[in-house]
Amino acid sequence: MDKIQITGGRQLHGKVNISGAKNAALPLIAASILVNGKTCFTNVPDLMDITSIRLLLEDLGATCKASKGYFEVDGASVKKIEAEYDLVRKMRASILVLGPLVARFGHAKVSMPGGCAIGARPVNMHLSGLEALGVSISIEHGYIEAKAGRLIGNEIYFDMPTVTGTENLMMAATLAKGTSILRNTAREPEIIALADALNKMGAKINGAGTAIITIEGVKKLSSVDIKIIPDRIETGTFMVAAAATGGDILIKGCEPHHSGGLINKLKAAGTIITTSTDSIRIVGNKPIKSVDIKTLPYPGFPTDMQAQFMTLMTIANGNSMIHESIFENRFVHANELLRMGADISISSGNIAMVRGVKRLQAAQVMASDLRASASLVIAGLVAEGTTVISRVYHMDRGYEAIEKKLALLGADIERI
Ligand code: EPZ
């Protein structure tokens, strides 16, 4: 099992290039099931989760080709409609094949995705949305079985914004008979990227990025080439690392307007941020000011940046309140930060009070989920001494060669 070793105290300086977004690539690759032909992707990140969805698509019969940054799926050979437990349990986002499979084949069997460290992660809104489109759903022996003739367009209300729920239903509705209107949808940039790609394939989707998305069903979708948008969470992770170390970095190949919620809070914490069309310059400034945050659906402060921002607040000058409103158990990283000398108290499960300390102390710590591992890396960058992080396979799911990119910025970091 790989570990990451970091000796703290170095400021980050230099340039870093952002990879394609994991959370854009996964739904886009799932959408290739809708096409009875090839879909080609560029700017694809080299991540464990991309390998996972490739293995799943190949198990369904798709023919895949991959090389550095490139991924091609031929959906013509998809013939199996069952996504098996062993593949789905490795990545919850596998649920994204459900909508495309049942829309194209009228039948799908997908293992129920389990919960994970950050919460129960139910998929009830995915299933009730599909039922609204005329799909009959049964759950037996841990599998979701979905059956339908041709899906029928309908109105769907989401109880709350769900990113993959919006993506699943948007994909399913593209091949339905008639028009569907999705309301209270997620508005993330990854939703817009998916809608743009589906429209390029011949779908008729309007309103992506707003709370109401209208989809006019079409008979079929065709082959296209798609470039994956930059990863706004990787971008945010490097921004927080620069702020925490008091460094000065230039983040290239990103979409600054996708990170507005975070930039707003980093400026309030005292960092100096200037943006151009595809780059962000961030200069850390001491002392770091303490700032309260509440995670919200996009364009609010992203829950996927909460753990990283908490690390920054552990060394801020003052107290900050962190309210995690999206997931019910997304403070697991706090226990490890406490072991590094942070002063954090958690009340009522989703509010953490962080009191800034002068400096964190290096320790042996354990990653529990993807973004928690990023928060521990940032902690290691600023802690006194040498930190060793175990279970870094969590990080490999969503960050492409992060230790190499950080080393190029001057961090004393290596995989052991
Ligand atoms: C997506 O997960 C992301 N994953 C997550 O990123 C991200 O944290 C999350 O959106 C929120 O932004 C991908 O895009 C692959 P949700 P998703 O459905 O779609 C509840 C990362 O680190 N809910 O928007 O699974 C749910 O429990 C990962 O890259 C239901 O109750 O999240 C949560 O409380 C972690 N019923 C809230 O909605 C449902 O049917 C938002 O979840 C669906 C969701």
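The values are calculated or read from the model by the stated rules, or taken from the named source; none is laboratory data. Predicted model only: the values in this text are computed from it and were never measured. Virtual Cβ from ideal backbone geometry, glycine too; neighbours counted across all protein chains shown. For the accessible areas, the whole protein counts, side chains as well, though only heavy atoms, and no ligand, DNA or RNA atoms are used. Shrake-Rupley method; radii C 1.70, N 1.55, O 1.52, S 1.80 Å.
Structural remarks
- For a label point 7 Å along the Cα-to-beta-carbon line of Glu84, residues of the stretch 10-52 with backbone N under 18 Å: 51-52
- Computed [θ] at 222 nm, deg cm²/dmol, the chain (DSSP H ≥ 4; -39,500 (n - 2.57); rounded to nearest 500): -9000 deg cm²/dmol
- C-alpha center-to-center spacing [the stretch 175-206, the stretch 331-405] in angstrom: 37 Å
- Where labels lie 7 Å past Cα in the beta-carbon direction, separation of Asn329 and Glu216 in nm: 4.6 nm
- Lysine pairs with alpha-carbon atoms under 22 Å apart, the stretch 176-262, spacing 8 or more or separate chains: 11
- Antiparallel DSSP beta bridges within the chain, as percent of all bridges there, nearest 5: 70 percent
- The stretch 230-313 shape via C-alpha gyration tensor axes, a/c threshold 1.5: oblate
- Loop sites by DSSP among the trypsin sites (Lys or Arg not before Pro) of the chain, restricted to those with at most 11 other Cβ atoms within 10 angstrom, leave 80-218 as the longest stretch without any of them.
- Comparing Ala31, Ala66, Ala172 in a Gaussian network model of the chain (Cα springs below 10 Å), the most mobile by mean-square fluctuation is Ala66.
- Counting only protein heavy atoms and a probe of 1.4 Å, the accessible surface of the chain is 51% carbon and sulfur.
- Around Ala76: net Lys/Arg minus Asp/Glu count, Cβ-Cβ under 13 Å: +2
- Working from label points 7 Å from Cα in the Cα-to-Cβ sense, the His257 to Leu55 distance is 3.9 nm.
- Most positive-pole-ward Cα, Ile293, Ser222, Ala269, against dipole of the chain from beta carbon charges: Ala269
- Accessible area per residue, Å², the stretch 264-343 with all protein chains present, probe 1.4 Å: 41 Å²
- FRET efficiency, Thr277 to His141 (Cβ-Cβ, R0 56 Å, nearest 0.05): 0.65
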